[in-house]
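Report on the following structure.
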Protein chains: 2
Amino acid sequence: MAKTATLTTRKADASRRRLVADRQALMRTFIRPESDAGRQSLVKYMEQILFGLHDFLKNHVGITEEIGLKALAERFTDTRISEHPEKKLEQVIADLIERIAPHAVNVASPYFVGHMTSAIPYFMVHLKTIVAALNQNIVKIETSKLLSIVEKQVLAKIHRLVFQKNEAFYRDHVQNAHTALGCFVEDGTLANYTALWVARNRMLKPTGDFPGVERGGMAAALNAYGIDRCVVLVTRFGHFSIHKAAGLLGLGNANVLAVDADARGRMDPRALEGMLEALRTSKERIRVMAVVGIAGTTETGAVDPLDRLAEICKTHGIHFHVDAAWGGPTLMSEKYRHLLAGIEQADSVTIDGHKQFYMPMTCGMVFFKDPFMLDAVAYYARYVNRPGSVDLGIRSISGSREANSLILDSALKIMGSKGYALLIEHGIETARAFAREIAQRPLFELVTPPVLNILTYRLCPPELKEKLRNVPPEEARRAARTLNTLNITLQRLQRQAGKSFVSRTTLAGTGPVPEGKVVLRCVIMNPMTTLDILKTILDEQESLYRNHLA
Amino acid sequence: MAKTATLTTRKADASRRRLVADRQALMRTFIRPESDAGRQSLVKYMEQILFGLHDFLKNHVGITEEIGLKALAERFTDTRISEHPEKKLEQVIADLIERIAPHAVNVASPYFVGHMTSAIPYFMVHLKTIVAALNQNIVKIETSKLLSIVEKQVLAKIHRLVFQKNEAFYRDHVQNAHTALGCFVEDGTLANYTALWVARNRMLKPTGDFPGVERGGMAAALNAYGIDRCVVLVTRFGHFSIHKAAGLLGLGNANVLAVDADARGRMDPRALEGMLEALRTSKERIRVMAVVGIAGTTETGAVDPLDRLAEICKTHGIHFHVDAAWGGPTLMSEKYRHLLAGIEQADSVTIDGHKQFYMPMTCGMVFFKDPFMLDAVAYYARYVNRPGSVDLGIRSISGSREANSLILDSALKIMGSKGYALLIEHGIETARAFAREIAQRPLFELVTPPVLNILTYRLCPPELKEKLRNVPPEEARRAARTLNTLNITLQRLQRQAGKSFVSRTTLAGTGPVPEGKVVLRCVIMNPMTTLDILKTILDEQESLYRNHLA
């Protein structure tokens, strides 16, 4: 093996000297080789990708930080495109393993518990390769054919998981060219845009001479409907894509209003009702375009009381959108799907495939209870997407689109809903066990216990904990600020040590200081992340504290 | 080899009977196998993907149509997610080759010349596999590190190709955390949204008490600026994403106004000046938000006179966006880059990676001349994208994002700009030769000669051609309608025969009938598509005409 590698390198060096762009060589890259030798090298490269990378990562369990970002960036400043080829594929792959991977983030490590990005089953890489090899474009049937049909089927499967309509409903819509149960998009952000775009267009639809907001614009729409502004209601824990959506769609992001949350970060239904009442009786003429419930907030994993919110929205005739980008797949666990009770009453739901469906980056999805809702954003063109066609680009925020639906469809077959349930349950149960562990350690304080598989905590040495409870308040404020600094430093030290990674955030509006409470954030989605690993992470934090911060 | 295959199948059948979701099996899918046997099967699957699929496609050069869409759709109506695993990876791959691929569209065939989707070099599949295996998320540095740096570098390379600023400019910005030369997005549609979003926010920026359109919304913005509406100007050949952008952004798509084009489909600069003058003197208070020039229209590949349009926009202080989703990579050909002269004066430019950079689906890009322009759409959040960080999600229409930039970066190294130039030149020159061939055949009429590598033509038998020239006009109209029907039928018959594929579109506003002229559309981007193949396609059309339509 070592010998082969040397030979390969030597060959690469030799061929490198004579790299010139020529038409014959170029043509060959468009034809997969027929000879055994040619085929074997292509397979060999795949082997390097699958295992060379893997073997490297195994020896670097955390995030390598031996070189800082700035120093790294200085190596990547050449902005000229080379005229002739610089490298062959084998050299590109070798560089990847030797030069790129060591400075990428090892999100697959079980010690990487800071973000919603994690290890994926190895077969996902194969599935993505299939999608690339087929290179279909889902925007129209003429460049995708069966893949558009597969997409409609898998959309119906997830729609059914969420909305649980009856068999007859799905028989009517699964392959209906005139309706859409949802849409694949780039990510949760685009899914949220799509949902609110639909909500906007349905609320400000054509009336009298007014052609509707999509055609006439926001200013004319408000004028036609005799209103001053449209607002979107969500707690302060809403993902920032909700604010971006309001900016993008011409509502203005100042019109995203924060509904109060309870101590556990969930929207307070009475606060929502109060706000609706206040808006109705305001001297400004205000219309509520949507209420956004969250099933798994980014910061703490909290789940809003979806059933209560759905009921209120129904009473007031308001579009109810649920951002379940994170929490959606919890529905596959019979044991925990009750945590999302009420989601089936939403008008629209966002779910990310690259989060808890464990798909490779990136795949978002948005679903609509009513299969005609996406008509509110339908567009046609002469060259594609003719009316009445099966072209999925008709009701889609994007244009060209890869067939990521094939990955989800295959993954559901390989895993089964039970397989996914096992992952979900591991996450929730490990998070609960970790919460108990944190609560037992005097140096730490559990800040938000896990509802799903996310929790936040902080380093909080007993002497500071004591001071927080103290009067005078000035001393409590000082202690709060000290704690914030302490946790910022701790998180940085641990990240730089390169063995493990928890993230940090600042929970606004909690604690005695206006800048909020800095917490460490732990997302448990990797089935290889055991309680023992999490204890090791706490041990490391304790020792960093004692050696550097105490 | 055959023996192994049989063994594998038998093993699959056996294992299939006992497929149950269990935690141990699940955990194994998260660990790449260490044993030689385990590794060899993963490699074997890749081999199947690379060659099983290829060998199938080789025998089906066109688009297989032996079963219609409706019949196909009836097989994909089960909407329940299986509780236990249904298939193992090897079975999924076998199904793909035997059941999915035969009904996908063979976009890699040199006989598939109907759309902007084509064959890609085989190494692109390896590169996409690398991206999936690394599974980085470009939204933030904590989940991408070096990959964000690589992305900034390749953005600068393409920016330089387009705008040709000097070395000092690129040294300042290539790795500057506070500026952005552009952004990777899902596709050209999202790129156009981003460009027009930036144009909107810069035009309706904060003034006095007004916080800007992004914060205050469109209605308040028009009010603050004392205008009735904002418009976007483009010819009727503009991609439909321009209309979608105006709808999405709250301008209203009725405010996309069509500037007259000349006979070859290019915007007429005098018509633009006339329209600007008419808008300025209109009794409505109208502001022009952007003029969109096109470098390669979707229908005919026409290129607007970018230099003239840039000049006019500069004079009037209007944002000039160039949609070069298709034509952008022409800049890599020294021989033909002059066709896009003036693009370097644009304020923003859209280019698609999955079109003439031959990347797998999908990869869009948008570039800005001024590295501070993307600040107009910057968003921050507590948990990611903190101000001052290198997080690329700060100035991006999407959130989570895969590292497609690594594919482009590697491809540029493998191909060199000369390699890409050879592809571009092949397309343009083959299209020209094909145009000559069409002009020589009495049965056909060349409708739009190629500027880049797209042309349109139609079947036009001499007796009908004669009638078109005839008075009375009623007879000419009848002939025009007959021709339209004839070409619609011809295109369908050829598609259904499954050997080759040209697309069709309707050129609005041309010919004697208001419904426009139906044409056959040919996009030449596959280096394996030779003039001989194109002649065969014409021969087939002639014989279809004589046997079925004459």
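If we count every other residue with Cβ under 13 angstrom of B:GLU474's Cβ, Lys/Arg +1 and Asp/Glu -1, where does the sum land? Before the final figure, lay out the partial values.
Values: positive: B:LYS467, B:ARG477, B:ARG478, B:ARG481; negative: B:GLU475.
Neighbour charge sum, excluding B:GLU474 itself: +3.
Just how many % of Cα pairs in the range A:417-549 lie over 18 Å apart, if you round to the nearest whole percent?
Values: 4819 of 8778 pairs.
Beyond 18 Å sits 55 percent of the P(r) for the range A:417-549.
Which log10 I(q)/I(0) values, to two decimals, does the protein assembly as shown give at q = 0.05, 0.09, 0.10 Å⁻¹ under the Debye formula with one point per Cα?
-0.31, -1.08, -1.36
Quick one: label points 7 angstrom along Cα→Cβ at B:ALA497, distances to the other copies in nm, smallest first?
Distances to the matching label points in the other copies: 7.2 nm.
At 1.567 mPa s and 4 °C, plugging the Kirkwood radius over alpha-carbon pairs of the range B:340-402 into Stokes-Einstein gives what diffusion coefficient in µm²/s? Don't skip to the end; give the middle numbers.
On the way: Rh = 13.7 Å.
Translational diffusion coefficient: 95 µm²/s.
Arrange the following residues from fewest to most other Cβ atoms within 10 Å of their Cβ: A:ARG236, A:ARG23.
Least to most surrounded, the residues fall as A:ARG23, A:ARG236.
If you average the C-alpha positions of the range A:467-515 and of the range A:152-181 separately, how far apart do those two centres end up, in angstrom?
The two parts, judged by their Cα centres, are 47 Å apart.
So what is the relative contact order of chain A, in percent, for Cα pairs below 8 Å that sit 6 or more residues apart? Please list the in-between numbers first.
Numbers: 896 pairs, mean separation 97.2, N = 550.
Relative contact order of chain A: 18 percent.
How big is the gap, in Å, between the Cα center of the range B:353-408 and the Cα center of the range A:355-388?
Distance between centres, Cα-based: 22 Å.
On alpha carbon coordinates alone, what is the Rg over Rh value for the range A:172-296, Rh being the Kirkwood radius?
Details: Rg = 15.9 Å, Rh = 15.9 Å.
Across the range A:172-296, the Cα-based Rg/Rh ratio is 1.00.
Under 1.5 on a/c is rounded, so check that first for the range B:145-402, then, if it is not, pick prolate when a/b is larger than b/c and oblate when it is not; a ≥ b ≥ c are the square roots of the alpha carbon gyration tensor eigenvalues.
Taking the square roots of the gyration eigenvalues as a ≥ b ≥ c, the range B:145-402 is oblate.
Please give the charge dipole size of the protein assembly as shown, origin at the Cα centre, charges +1 on K and R Cβ atoms and -1 on D and E Cβ atoms. Round to the nearest 20 debye. All intermediate terms of the calculation are to be shown ahead of the outcome.
Working: 140 positive and 114 negative charges, 120 e Å.
With only Lys, Arg, Asp and Glu charged at Cβ, the dipole is about 580 debye.
Which chain B residue comes nearest the axis with its C-beta when you rotate B onto A, and by how many angstrom?
Nearest-to-axis residue on chain B, with distance in whole Å, is B:GLY250, 1.
Say R0 is 41 Å: what FRET efficiency, to the nearest 0.05, do B:ARG337 and B:THR489 get from their beta-carbon distance?
Values: r = 40 Å, r/R0 = 0.98.
Once the sixth-power term is evaluated, E becomes 0.55.
Based on the alpha-carbon gyration tensor of the range B:313-437, what equivalent-ellipsoid semi-axes (square roots of 5 times the eigenvalues) come out, in whole Å, largest first?
Numbers: eigenvalues 200, 82, 25 Å².
Semi-axes (√(5λ), whole Å): 32, 20, 11.
With unit charges on the beta carbons (Lys and Arg positive, Asp and Glu negative) and the dipole taken about the Cα centre of the protein assembly as shown, which residue among B:LEU309, A:TYR383, A:VAL259 sits farthest to the positive side?
Sorting the options by dipole projection puts first A:TYR383.
Taking every DSSP beta bridge with both residues inside chain A, roughly what % is antiparallel (nearest 5)? Can you show the working numbers first?
On the way: 25 of 43 bridges.
Beta bridges within chain A, antiparallel portion: roughly 60 percent.
Show the residues, 5+ positions off or on another chain, whose built amide H is closer than 5 Å to the amide H of B:ALA381.
Close amide H contacts, sequence-distant or interchain: B:ARG386.
Go ahead and run the numbers for FRET between B:GLU466 and B:GLN496, Cβ-Cβ distance against an R0 of 35 Å, rounding to 0.05.
Values: r = 30 Å, r/R0 = 0.86.
Using R0 = 35 Å, I get an efficiency of 0.70.
Taking a threshold of 26 Å on the Cα-Cα distance, which of the pairs A:LYS205/A:LYS314; B:LYS88/B:LYS128; A:LYS70/A:LYS465; A:LYS88/B:LYS140 fall above it? Mind dumping the intermediate values first?
Working: A:LYS205/A:LYS314 19 Å; B:LYS88/B:LYS128 22 Å; A:LYS70/A:LYS465 37 Å; A:LYS88/B:LYS140 30 Å.
Checking Cα-Cα distances, A:LYS70/A:LYS465; A:LYS88/B:LYS140 exceed 26 Å.
Along its principal axes, what span do the Cα atoms of the range A:389-468 show, with the longest given first and each in whole Å?
Taking the Cα atoms of the range A:389-468, the three principal extents are 69, 30, 15 Å.
Taking other Cβ within 10 Å of each residue's Cβ, how do A:ILE286, B:ILE130 sort, fewest first? Intermediate values should be presented prior to the final figure.
Values: A:ILE286 17, B:ILE130 24.
Placing the least packed residue first, the sequence is A:ILE286, B:ILE130.
Just how far, in whole angstrom, is the range B:320-334 from the range A:304-344 if you go by their alpha carbon centroids?
For the range A:304-344 versus the range B:320-334, the Cα centre distance is 46 Å.
Can you check how the C-alpha radius of gyration of chain B compares to 2.2 N^0.38 Å, as a plain ratio? Spell out each step's value before the answer.
Values: Rg = 26.3 Å, N = 550, 2.2 N^0.38 = 24.2 Å.
Cα-based Rg divided by the globular estimate yields 1.09.
Taking every DSSP beta bridge that has both residues in the protein assembly as shown, what percent is antiparallel when rounded to the nearest 5? Can you show the working numbers first?
Values: 50 of 86 bridges.
Rounded to the nearest five, the antiparallel share is 60 percent.
Hey, for A:SER543 with labels 7 Å out along Cα-Cβ, what do the inter-copy distances come to in nm, ordered shortest first?
7.8
Arrange the following residues from fewest to most other Cβ atoms within 10 Å of their Cβ: A:LEU408, A:LEU155. Mind dumping the intermediate values first?
Numbers: A:LEU408 22, A:LEU155 25.
Ascending number of Cβ neighbours within 10 Å: A:LEU408, A:LEU155.
Which aspartates and glutamates does A:LYS535 reach when only Cα atoms under 18 Å apart count, and residues fewer than 8 places away in its own chain are ignored?
A:GLU429, A:GLU437, A:GLU445
Before rounding to the nearest 500, sum -39500 (n - 2.57) across all DSSP H runs of length at least 4 in the protein assembly as shown and divide by the residue total; then give [θ] at 222 nm in deg cm²/dmol.
Numbers: 38 runs with 464 residues, N = 1100.
Calculated mean residue ellipticity at 222 nm is -13000 deg cm²/dmol.
Quick note: the coordinates plus some simple rules give every number you see, no bench work behind them. Predicted, not measured: the structure shown is a model, and the values here were computed from it. All Cβ positions, glycine included, derive from the backbone under ideal geometry; neighbour counts span all protein chains shown.
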